[in-house]
Amino acid sequence: MQKDYLTGLEFSPAQTEGLLDLALLAKQQPEKFQHALSGKSIVMLFEKPSLRTRMSFEVGIQRLGGQAIYLDHKDERIGVRESIADYARNFSVWVHGIIARVFAHQTLTELAKNARVPVVNALCEKLHPCQALADYLSLKETYGNLKGLKLAYVGDGNNVSHSLLLVGAMLGVNVTVLTPQKYACKAEWLDKAQTLAAQTGATVRLIHQPNQLGQQDVLYTDTWVSMGESKSASELERVLKPYQLNETMVAETGAGHVMHCQPAHRDVEITSALFDSNICLAMRQAENRLHAQNALLLNLFNAA
Ligand code: CP
Ligand code: NVA
């Protein structure tokens, strides 16, 4: 049994597939799981704003019979008033789990090292693993089988792109990341995804020219300016303009669906009409945050 979920790599490819199956089961038969987290309290420690992650965890935990406590940490970084290790030790005497959205991945590893309870990554500067679980759950519902599906992430090489690479490679999805050279995803995560892809028969690749995309089943984008970024927003918008997810890109790749983790910036990284179109899975992705995360919690708490 895994204690934490910080990168997504804590779960093997087979266990990750199992999470999606459990998510589908719990989505279809919620009554079976309504007391699964009864008596459990989970803290949500957030250094950055959130709509979807906060809502889906809070409502999701409630539906499993547990209690979520939101601790707003926007005004001061975790570790300033007292050490991160002491945060972890204190939480461990009150709650059964810690869900954290942080500026630095290091904060998560420090929490996990010192907590006796599970720690879940609710987004950091490097990764957003819960988002990727919900995204592939949405594709599993839509396409049935994920093996061999072609997904291209287009835009800034950020936390979401890294998690799509890692989780996608585990699930047998052929993931392409298209970014300008300057804003490429990090080699560290691409390399790890390549190793996983070799095990599952998937392919992963990083490209820099939109005309290299070829045929794709799904196109995915995210904001060009992530929370806490030091990169200049105007420079990002100038360089990323040719990487906008728009009707032309959909037509050229033959993609059947587009995805966005939200919040969306209409007519910036995606055209407003495409975001509102019936090929856009954004609201299904948002809905499935709850189901994917509940499957993860059931697993971490051995409550399935
Ligand atoms: N997609 C996502 O994580 O949204 P929030 O930032 O609103 O939580
Ligand atoms: N890449 C974005 C994702 C928001 C859900 C960010 O980190 O702000």
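The values are calculated or read from the model by the stated rules, or taken from the named source; none is laboratory data. Everything numeric in this text was worked out from a predicted model, so none of it was measured. Virtual Cβ from ideal backbone geometry, glycine too; neighbours counted across all protein chains shown.
From the list SER41, SER83, SER50, pick out the single residue that is surrounded by fewer than 23 Cβ atoms within 10 Å (Cβ to Cβ), within 25 Å of ALA282 (Cβ to Cβ) and of a type in the set (S, T, N, Q). Lay out the reasoning, then the answer.
Values: SER41 fails: within 25 Å of ALA282 (Cβ to Cβ); SER83 fails: within 25 Å of ALA282 (Cβ to Cβ).
Criteria check complete, one pass: SER50.
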field: Residue check for ARG77: surrounded by 17 or more Cβ atoms within 10 Å (Cβ to Cβ) and not aliphatic (A, V, I, L, M)
entry: no
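What strands (runs of 3 or more DSSP E) completely inside the range 116-181 contain at least 3 residues that are within 15 Å of ligand 2 (Cβ to nearest atom)? Quick ask: steps written out before the conclusion?
Values: elements: 119-121, 150-154, 174-178.
Passing ranges: none, list empty.
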query: In the list THR109, THR203, which residue meets the criterion of being at pLDDT 95 or above, surrounded by fewer than 21 Cβ atoms within 10 Å (Cβ to Cβ) and touching a Ser or Thr at 6+ places or on another chain (Cβ under 9 Å)?
result: THR203
task: Name the helices (runs of 4 or more DSSP H) wholly inside the range 1-100 in which the number of residues that are out of contact with any helix residue (DSSP H, G or I) (no Cβ under 7 Å at 6 or more places or on another chain) and farther than 30 Å from GLY201 by Cα is 3 or more.
output: 52-63, 84-94
message: Can you say whether GLN199 is more than 16 Å from ligand 1 (Cβ to nearest atom), over 30 Å from GLN28 (Cα atoms), touching a residue at least 60 places away in the same chain (Cβ under 8 Å) and not in a helix (DSSP H, G or I), as far as the supplied structure shows?
response: no
- prompt: Is at least one residue of the range 257-269 more than 19 Å from VAL177 (Cα to Cα), within 15 Å of ligand 2 (Cβ to nearest atom) and part of a helix (DSSP H, G or I)?
  reply: no
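Within the bounds of the range 285-303, is there any residue that is among the acidic types (Asp, Glu) and either assigned to a loop (DSSP other than H, G, I, E, B) or over 22 Å from the mean Cα position of the chain (by Cα) (or both)?
no
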message: Cβ contacts < 9 Å: first residue at pLDDT 95 or above, restricted to the range 283-296; second residue within 11 Å of ligand 1 (Cβ to nearest atom) and among the β-branched types (Val, Ile, Thr), any location; separation 6+ or different chain. Result?
response: ARG289/THR53; GLN293/THR53
message: If LEU111 meets every condition in (1) in contact (Cβ under 8 Å) with a residue 24 or more places away in the chain; (2) outside any helix (DSSP H, G or I) apart from one, which number is that one?
response: (2)
task: Filter the range 220-254 down to residues that are in contact (Cβ under 8 Å) with a residue 40 or more places away in the chain and of a type in the set (Gly, Ala, Ser) and give me whichever is surrounded by the most Cβ atoms within 10 Å (Cβ to Cβ).
output: SER226
query: Quick one: which of LEU22, LEU71, LEU6 is crowded, with 17+ Cβ neighbours inside 10 Å, away from ligand 2 (no atom under 16 Å from the Cβ) and not small (Gly, Ala, Ser)?
result: LEU22
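Would you point out which residue out of ALA104, ALA115, ALA169 is buried (at least 24 other Cβ atoms within 10 Å of the Cβ) and either in contact with a helix residue (DSSP H, G or I) (Cβ under 7 Å, 6 or more places away or on another chain) or within 30 Å of GLU82 (Cβ to Cβ) (or both)? Walk me through how you get there before you give the answer.
Working: ALA104 fails: buried (at least 24 other Cβ atoms within 10 Å of the Cβ); ALA115 fails: buried (at least 24 other Cβ atoms within 10 Å of the Cβ).
Being buried (at least 24 other Cβ atoms within 10 Å of the Cβ) and either in contact with a helix residue (DSSP H, G or I) (Cβ under 7 Å, 6 or more places away or on another chain) or within 30 Å of GLU82 (Cβ to Cβ) (or both) holds for just one of ALA104, ALA115, ALA169, which is ALA169.
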message: So GLN106 ticks every box in (1) closer than 25 Å to ILE69 by Cα; (2) polar (S, T, N, Q); (3) within 13 Å of ligand 1 (Cβ to nearest atom) but one. Which box is left unticked?
response: (3)
- prompt: Within the range 43-50, is there a residue that is within 16 Å of ligand 2 (Cβ to nearest atom) and under 17 Å from ASN288 (Cβ atoms)?
  reply: yes
